[in-house]
Structures are given as C-alpha cells and as structure tokens.
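Notes for the one structure printed next.
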C-alpha cells in the first residue's frame, strides 16, 4: 500500500514529526511504501474560492499555481493519506489548514446538491500532538478531521492523539511507542 503522509508542523524535527516518524517506520516494517511531505517547505496559498476547479471533472483543476499542483497527484496516487499536525489555537496548524482548504477541489459538486469525491475509498488517518490534554484543542482537530474524512467518503482508520507533550523527552514514553505501532497496524 502507498502511504502519503503530510506533516503540518512548522518544525521539521519537532514532536509531531517524531510521532509521525514512529508510525511511518512501523508502516514500512509492515511492507507499506511511504512518502513524507513537509508542508512547511511548500508554498501553499489560500483557496481563492474562484470555483474554477468545479468546471473540471475527474481531476483537481485548481487554478492557483503554487506547490499544491505537485501535491494533488501524490494524494490521488496514494492508497492512504496520513495527516500529522500539532494543535495550534484549538485547531490544525496554519500549514495544515491552508493545505486542507486547497483540497476543496477534490470534490466535484453537481447542481442538485450531490457530489463526487476524488478521494472516495482511500484510507485516511490523523496524528495530533498537543502540549495540553486531549480536551484542550486536540478533540476539536479530531472532530474536524472526522467530518472531513466522512465528507470525502474516505475510510477513516482513526486518529492518534499524543497529548501532554512538553519536551522531546516526553516522546520516549513506552505507551507512545506502543500507540504508534498499533496505529500503523490499522493502516
């Protein structure tokens, strides 16, 4: 299975990366092919809500020319999409939010309120890290992800929330390593 993981942390080697790396390592051990995309390295503008994408059937068709143009094929080619984000102000990081907003073009709406999703049937999972507990924003990120995954008709494998992480040393806890292993097994 091809897994494409999108890291939404502004810190390339930060806590979110450390948890995602554990999941990816276990996924590789299970025989999956993985690719990691650092959203911080990409130039991703906000959605302009021009609806040009809705005039193009069967492909993204986004009119904004930036690095998202190279990310759409990665998403469409993958069997599983992993999103990894720290909690920022009770939500996704800015990098992840801009990325997710720009994926609007993956749904094609008809005039009768029906739509098709170019992501339908793909597997998806979410990894969230937080300095606070699970109910200080991580829960809101999980709910937003759950709704997006459902709307896209994706097969949600679930989420891994690693909360109360204040230092890199906190990530060495055995329960976190075991949770990452189990999460990779859901893929």
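The values are calculated or read from the model by the stated rules, or taken from the named source; none is laboratory data. The shown structure was predicted, so the numbers you read here are calculated from the model rather than taken from an experiment. With ideal geometry, Cβ positions are generated from the backbone for all residues, glycine too; neighbour counts draw on all protein chains shown.
If only one of 160, 148 is buried (at least 20 other Cβ atoms within 10 Å of the Cβ) and either at pLDDT below 95 or not in a loop (DSSP other than H, G, I, E, B) (or both), which one is it?
Just a single option satisfies the conditions, and that option is 160.
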Residue match in segment 66-79 (condition: in contact (Cβ under 8 Å) with a residue 40 or more places away in the chain, out of contact with any strand residue (DSSP E or B) (no Cβ under 7 Å at 6 or more places or on another chain), surrounded by 12 or more Cβ atoms within 10 Å (Cβ to Cβ) and farther than 19 Å from residue 9 by Cβ): yes
Long-range neighbours under 6 Å by Cβ, at least six apart or interchain, first residue at negative phi and surrounded by 15 or more Cβ atoms within 10 Å (Cβ to Cβ) within segment 91-117, second part of a helix (DSSP H, G or I) and at pLDDT 95 or above: 92/141; 95/39; 95/40; 99/39; 102/68; 105/53
Some residue of segment 51-68 being touching a helix residue (DSSP H, G or I) at 6+ places or on another chain (Cβ under 7 Å), at pLDDT 95 or above and closer than 22 Å to residue 183 by Cα: no
Some residue of segment 137-150 being in contact (Cβ under 8 Å) with a residue 24 or more places away in the chain and out of contact with any strand residue (DSSP E or B) (no Cβ under 9 Å at 6 or more places or on another chain): no
Hey, residue 31 touching a helix residue (DSSP H, G or I) at 6+ places or on another chain (Cβ under 9 Å), outside any strand (DSSP E or B) and at positive phi or not: no
